[in-house]
Structure formats: structure tokens, C-alpha cells
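The numbers here are math on the coordinates, done by the rules we state, and not lab data. What you are looking at is a predicted structure, and each value in this text was computed from that prediction instead of being measured. Note that we place each Cβ from the backbone using ideal geometry, even for glycine, and neighbour counts take in every protein chain shown.
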Amino acid sequence: MQSTILVVEDEPAIAELLSVNLGFAGHKVLVAENAEIAQSIVEGQLPDLILLDWMLPGMSGVRYARKLRTDERTKEIPIIMLTARTDEGDKVEGLETGADDYITKPFSPKELMARIKAVMRRRAPQLTNDTVEIGGLRLDPATHRLWGTVDGQAVALDLGPTEFRLLHFFMTHAERVHSRAQLLDQVWGDHVFVEERTVDVHIRRLRKALEPTGHDRLIETVRGSGYRFSR
């Protein structure tokens with residue numbers, strides 16, 4: 001699935017190289033040359049991951065990472081630090097700011113893509129193309145297909161695009177309770193202003209679509225809190 005990646009890098013050649021390679025890999029790329037510009041981008045649109053250079057003009061990448069981690073709205077964004085520093089102490093400092101990974105320049109595009117994939121799989125599995133299977137329900141984001149199993153037989157199920165994203169998020173975050181507001185942010189997107197009750201409408205549609213295989217029972221309503229997908 002396409003992810004939005006914010007590249008915060010003040011060296012134009014490196015920023016361009018990253019943009020090209022990330023674009024070829026199917027990602028949407030946003031670029032900022034310093035933390036101030038990056039912050040203005042983040043305020044308008046939350047990226048799915050940030051590639052953040054350690055040494056930036058003005059506010060350093062380390063300081064900006066700390067700022068992101070103390071903000072309720074941005075604290076969960078995966079961050080990979082980019083740096084020419086090789087000292088172990090520097091690496092520890094970078095990770096202690098809340099960065100999810102640390103990659104030393106120069107690096108190969110192949111290594112970078114592997115690091116991004118690993119971090120996304122760990123921190124934002126709903127944004128990967130990995131097939132998910134729970135309780136006989138199998139979802140493939142790459143082909144946008146869903147199957148349920150009844151008496152050992154696979155049955156294809158049809159979902160609309162919003163219900164598919166909603167189910168993908170549920171299946172990659174099973175057993176967790178999510179409020180309507182959280183589901184709106186994660187499935188519809190940050191800064192998308194729709195009524196919270198919209199979630200209820202799509203939950204009903206999702207349950208109805210899962211009824212033929214009995215998997216509608218996996219979506220539980222948690223009174224006063226929201227919804228949970230059970231294994």
C-alpha cells in the first residue's frame with residue numbers, strides 16, 4: 001500500500017536521491033530542508049514515516065525528533081534517523097530520542113528500503129502489503145482480496161474500499177480497543193473532518209459483509225469505548 005514518507009534533509013543531492021528511490025518503490029514523498037518546514041508539512045498532513053537527518057540547520061534532527069515524540073498528535077509516527085556519525089554513543093542518543101531506527105551515511109537504497117519495511121511492519125503494519133490471517137479470515141492488501149473459511153472451504157468476500165481499510169487496520173491491531181476518533185484518524189486519515197458516527201455506519205457494513213462466513217462476530221462493540229477485533 002502507498003505510504004507517505006517525509007524526508008527531512010538539507011543536502012539537495014541526498015534529498016533528491018531519497019525522493020527518486022522512494023518514488024520508484026511506490027511511496028508518496030514529501031521533502032523539507034529543515035525542521036521548521038517539516039513541522040509546517042506535518043501540521044497539514046501526517047506522514048506515515050519520517051526520514052530525519054541528524055545534522056540540520058536551525059533545529060537539529062535530534063531536537064526535532066524529541067519534539068515529535070512529546071506531541072500527542074505525532075508521537076506515534078515512525079522515525080528513521082539519517083546521519084554520518086558512526087560513534088556508538090551517537091547511535092544510542094539518536095535512539096533515545098524515540099527514533100525507531102538509525103542508518104549511517106553512505107547507505108545503499110536497498111538497505112534503506114529494507115529498514116523502512118522493517119520499521120513499518122513493526123510500527124504501522126496496516127500500511128504494508130503483508131497478508132494477514134486471523135481465525136480463518138485471510139486478507140491480502142496487495143490484491144485487495146478477502147477470503148473467509150467455512151467448513152474448510154475458502155469463500156471470497158466482497159468489501160468496499162473503506163470497509164477493506166477498516167478491516168485491515170482491525171486485523172493488524174487485534175485485541176486492542178479503538179475509539180471512533182482513533183479509527184477516523186487511522187482509517188480515514190488525519191485532518192479528515194467527518195462525523196464520528198460515520199464509523200458506526202461502516203462497522204455495520206463490514207459486519208454484514210462478513211456474515212456469510214460468520215466472521216462478523218469477531219468485531220466487538222466495547223460499550224463506552226469503541227470497537228475491538230478479537231482473534
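Extension gain residue 130-residue 117, at 0.36 nm per residue separation less the Cα-Cα distance, in nm? Walk me through the intermediate numbers first.
Numbers: separation 13, 0.36 × 13 = 4.68 nm, distance 1.04 nm.
Extra length from residue 130 to residue 117 when fully extended: 3.6 nm.
Using 0.36 nm per residue, how much length does the chain from residue 147 to residue 179 gain when fully extended, once their Cα-Cα distance is taken away? Mind showing how you got there, number by number?
Values: separation 32, 0.36 × 32 = 11.52 nm, distance 2.65 nm.
Answer, rounded to one decimal: 8.9 nm.
For residue 108 paired with residue 13, estimate the spin-label separation in nm (one decimal), with each label point 7 Å from Cα along the Cα-to-Cβ line.
2.1 nm
Of the options 161, 107, 64, report the single residue whose Cα projects farthest towards the positive end of the charge dipole of the chain (beta-carbon charges: Lys, Arg +1; Asp, Glu -1).
Of the listed residues, the answer is 161.
Can you give the helix-only mean residue ellipticity at 222 nm for the chain, where every DSSP H stretch with n ≥ 4 adds -39500 (n - 2.57) and the sum goes over all residues, rounded to the nearest 500 deg cm²/dmol?
-11500 deg cm²/dmol
Could you tell me whether region 4-127 comes out rounded, prolate or oblate from its Cα gyration tensor? Rule is a ≥ b ≥ c as square roots of the eigenvalues, rounded for a/c under 1.5, then prolate if a/b exceeds b/c, otherwise oblate.
Values: a/c = 1.14, a/b = 1.03, b/c = 1.10.
Taking the square roots of the gyration eigenvalues as a ≥ b ≥ c, region 4-127 is rounded.
Where Lys and Arg each count +1 and Asp and Glu each count -1, what net charge lies around residue 29 among other residues with Cβ under 13 Å from its Cβ?
Once positives and negatives cancel, what remains is -2.
Under the rule a/c < 1.5 gives rounded, and otherwise a/b versus b/c splits prolate from oblate, where does the chain land using the Cα gyration tensor?
Numbers: a/c = 2.42, a/b = 1.92, b/c = 1.26.
Since a/c reaches 1.5 and a/b is larger than b/c, the shape of the chain is classed as prolate.
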